[in-house]
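Reading through the structure tokens given below for one structure.
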Amino acid sequence: MQLTNKRVLLTGACGGIGCELARQLAHKGANLILIGRDQHKLDKLLLQLPSSHQQTNLQHTSFIADLARSNGLNALGQQCQQWRDDGLTIDIVINNAGVNQFAFLAQRESQSIEQEIQLNLVAPILLSQKALCWLNRPGIILNIGSTFAAIGYPGYTTYCAGKAGLHRFSEALSRELEEAKIKVLYIAPRATETSLNDLRVSQMNSQLGNTTDTPSAVADAIVRSLEQEISARWIGWPEKVFARLNQLFPAVVSAAIRKQSAIISAFAHKTH
Ligand SMILES: NC(=O)c1ccc[n+]([C@@H]2O[C@H](COP(=O)([O-])OP(=O)(O)OC[C@H]3O[C@@H](n4cnc5c(N)ncnc54)[C@H](OP(=O)(O)O)[C@@H]3O)[C@@H](O)[C@H]2O)c1
């Protein structure tokens with residue numbers, strides 16, 4: 001899809017990937033609806049964006065919603081319907097908001113597990129369902145997944161579960177909507193330098209020799225996925241290969257991860 005003058009609703013807009021994605025989309029001439037939980041952060045980001053495309057008199061805007069709560073999701077859905085009724089069309093929805101907590105399952109509180117699944121899986125599903133009422137046709141729903149959707153990794157059990165669910169959801173909805181002029185895309189970044197990863201995770205990645213991308217490189221890949229309407233994409237080698245290998249020969253991947261388990265366990269048990 002050509003992005004100039006398209007209106008994009010972006011969740012997690014004030015996060016590491018979200019901010020960079022907002023900037024790149026605005027430079028392409030897209031109008032943005034930034035979703036976050038902190039009006040101050042949203043206002044700061046709005047000020048940094050190039051103004052909306054010259055040929056339109058539309059402006060970027062923002063909306064506050066806690067997407068892990070049903071009242072936040074419902075309020076956002078109602079606002080989007082209101083915008084639609086007022087003649088303001090939304091062409092693209094990007095489900096980017098996400099959380100994770102690096103810890104073994106035995107260390108986790110059940111409430112934090114529920115919130116993680118709620119934000120990473122339930123919220124994108126419900127927002128996609130709501131978008132069926134107000135998304136312009138042709139339209140795009142793009143879900144931000146993770147390498148960990150394709151590779152179960154120690155310390156990320158519930159994150160892997162949520163993102164794997166999001167991948168299958170994206171695939172199923174894309175097939176369900178084949179005749180509806182709505183494309184459902186999925187893109188899976190690998191480790192990226194944002195505050196999603198605490199210091200322990202950054203140190204662990206560097207000790208394990210895992211490559212980490214910049215938010216700018218990830219945003220660039222997301223923009224290209226939108227422009228080229230790539231249905232599913234994994235960012236980075238060798239993660240891309242490991243993701244495929246894990247489907248065909250999981251024992252090979254288990255053996256590789258086993259060699260890392262002492263380091264993973266040490267960092268999982270390290271206090272912040
Ligand atoms: N960083 C990585 O290594 C990596 C790798 C693969 C995939 N990803 C995925 O990329 C996406 C963006 O992550 P990031 O790295 O940019 O993380 P980030 O910097 O931590 O940003 C996360 C964003 O999610 C929003 N968020 C958190 N809880 C929320 C809630 N309850 N309701 C609404 N919004 C909420 C945050 O909003 P506030 O500004 O209000 O806090 C923030 O904008 C996520 O889906 C993540 O799973 C990241």
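The values are calculated or read from the model by the stated rules, or taken from the named source; none is laboratory data. Quick caveat: nothing in here was measured; it's all calculated off a predicted structure. Glycine gets a Cβ as well: all are built from the backbone with ideal geometry, and neighbour counts include every protein chain shown. These area figures cover heavy atoms from the full protein model, side chains too; ligands, DNA and RNA do not enter into them. Shrake-Rupley method; radii C 1.70, N 1.55, O 1.52, S 1.80 Å.
I'm trying to understand the selection: among the residues of segment 216-225, which are open to solvent by 30 Å² or more (accessible area, probe 1.4 Å) and either in contact with a helix residue (DSSP H, G or I) (Cβ under 6 Å, 6 or more places away or on another chain) or within 20 Å of Gly152 (Cα to Cα) (or both)?
Pass one, segment 216-225, residues open to solvent by 30 Å² or more (accessible area, probe 1.4 Å): 216-217, 220, 224.
Scanning segment 216-225 gives a single hit, Ser216.
List pairs: first residue in segment 248-272 and closer than 12 Å to Tyr153 by Cα, second residue open to solvent by 40 Å² or more (accessible area, probe 1.4 Å) and among the aliphatic types (A, V, I, L, M) anywhere in the structure, Cβ distance under 7 angstrom, at least six positions apart or on different chains.
Note: pairs meeting the criteria are Val253/Leu245.
With (1) open to solvent by less than 20 Å² (accessible area, probe 1.4 Å); (2) away from the ligand (no atom under 13 Å from the Cβ) as the list, and Gly162 as the residue in question, which single condition is left unmet?
Unmet condition: (2).
Let's see how each residue does on (1) acidic (Asp, Glu); (2) closer than 13 Å to Ala97 by Cα:
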{"residue": "Met1", "(1), (2)": "no, no"}
{"residue": "Glu20", "(1), (2)": "yes, no"}
{"residue": "Ile33", "(1), (2)": "no, no"}
{"residue": "Leu49", "(1), (2)": "no, no"}
{"residue": "Leu67", "(1), (2)": "no, yes"}
{"residue": "Asn71", "(1), (2)": "no, no"}
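Tally time: how many residues in segment 242-260 are more than 15 Å from Asn205 (Cβ to Cβ) and open to solvent by less than 70 Å² (accessible area, probe 1.4 Å)? Lay out the reasoning, then the answer.
Step one: filter segment 242-260 for residues more than 15 Å from Asn205 (Cβ to Cβ), giving 243-256, 258-259.
Cutting the leftovers down to open to solvent by less than 70 Å² (accessible area, probe 1.4 Å) gives us 243, 245-246, 250, 253-256.
Of the residues in segment 242-260, 8 are more than 15 Å from Asn205 (Cβ to Cβ) and open to solvent by less than 70 Å² (accessible area, probe 1.4 Å).
Quick check on my filter: what residues within segment 142-159 are in a loop (DSSP other than H, G, I, E, B), within 13 Å of the ligand (Cβ to nearest atom) and open to solvent by 20 Å² or more (accessible area, probe 1.4 Å)?
The answer is Tyr153, and nothing else.
Which one is nearest to the ligand (Cβ to nearest atom), of the residues in segment 128-141 that are assigned to a helix (DSSP H, G or I) and open to solvent by less than 10 Å² (accessible area, probe 1.4 Å)?
In the first step, residues of segment 128-141 are kept if they are assigned to a helix (DSSP H, G or I); the result is 128-134.
In the following step, the residues that additionally are open to solvent by less than 10 Å² (accessible area, probe 1.4 Å) were identified as 128, 131, 134.
Numbers: Ser128: 14, Ala131: 16, Trp134: 19 Å.
Of everything passing the filter in segment 128-141, Ser128 is nearest to the ligand (Cβ to nearest atom).
Taking segment 80-117 only, how many residues are among the hydroxyl-bearing types (Ser, Thr, Tyr) and either part of a helix (DSSP H, G or I) or within 16 Å of the ligand (Cβ to nearest atom) (or both)? Walk me through it before giving the result.
Initial filter on segment 80-117 (among the hydroxyl-bearing types (Ser, Thr, Tyr)): 89, 110, 112.
Pick out the ones that are also either part of a helix (DSSP H, G or I) or within 16 Å of the ligand (Cβ to nearest atom) (or both) and you get 110, 112.
Residues that pass the stated criteria total 2.
So, in segment 1-53, exactly how many residues are more than 9 Å from the ligand (Cβ to nearest atom), under 22 Å from Thr214 (Cα atoms) and open to solvent by 20 Å² or more (accessible area, probe 1.4 Å)?
Of the residues in that region, 8 qualify.
Quick check on segment 175-209: of everything there that is of a type in the set (Gly, Ala, Ser) and surrounded by fewer than 18 Cβ atoms within 10 Å (Cβ to Cβ), which residue is farthest from the ligand (Cβ to nearest atom)?
To start, the set of residues in segment 175-209 that are of a type in the set (Gly, Ala, Ser) comprises 180, 188, 191, 195, 202, 206, 209.
So of that shortlist, the ones also surrounded by fewer than 18 Cβ atoms within 10 Å (Cβ to Cβ) come out as 180, 195, 202, 206, 209.
On the way: Ala180: 25, Ser195: 5, Ser202: 10, Ser206: 13, Gly209: 16 Å.
The extreme case among them is Ala180.
Does Gln228 satisfy being under 30 Å from Ser261 (Cα atoms), more than 14 Å from the ligand (Cβ to nearest atom), exposed (fewer than 14 other Cβ atoms within 10 Å of the Cβ) and not charged (D, E, K, R)?
Values: under 30 Å from Ser261 (Cα atoms): no; more than 14 Å from the ligand (Cβ to nearest atom): yes; exposed (fewer than 14 other Cβ atoms within 10 Å of the Cβ): yes; not charged (D, E, K, R): yes.
Here the answer is no, as Gln228 does not meet what is asked.
If you go through segment 57-79 one residue at a time, how many are open to solvent by less than 30 Å² (accessible area, probe 1.4 Å) and in a helix (DSSP H, G or I)?
Residues meeting the conditions: 4.
Name the residue, out of Leu121, Leu126, Leu76, Leu88, that is in contact with a Gly (Cβ under 6 Å, 6 or more places away or on another chain), at negative phi and among the hydrophobic types (A, V, I, L, M, F, W, C).
On the way: Leu126 fails: in contact with a Gly (Cβ under 6 Å, 6 or more places away or on another chain); Leu76 fails: in contact with a Gly (Cβ under 6 Å, 6 or more places away or on another chain); Leu88 fails: in contact with a Gly (Cβ under 6 Å, 6 or more places away or on another chain).
Checking each option against the conditions leaves just Leu121.
Please tell me if Ile125 is modelled with pLDDT of 95 or more, outside any helix (DSSP H, G or I) and either within 17 Å of the chain's Cα centre (by Cα) or closer than 30 Å to Leu245 by Cβ (or both). Full working, then the answer.
Numbers: modelled with pLDDT of 95 or more: yes; outside any helix (DSSP H, G or I): no; either within 17 Å of the chain's Cα centre (by Cα) or closer than 30 Å to Leu245 by Cβ (or both): yes.
So Ile125 fails the test.
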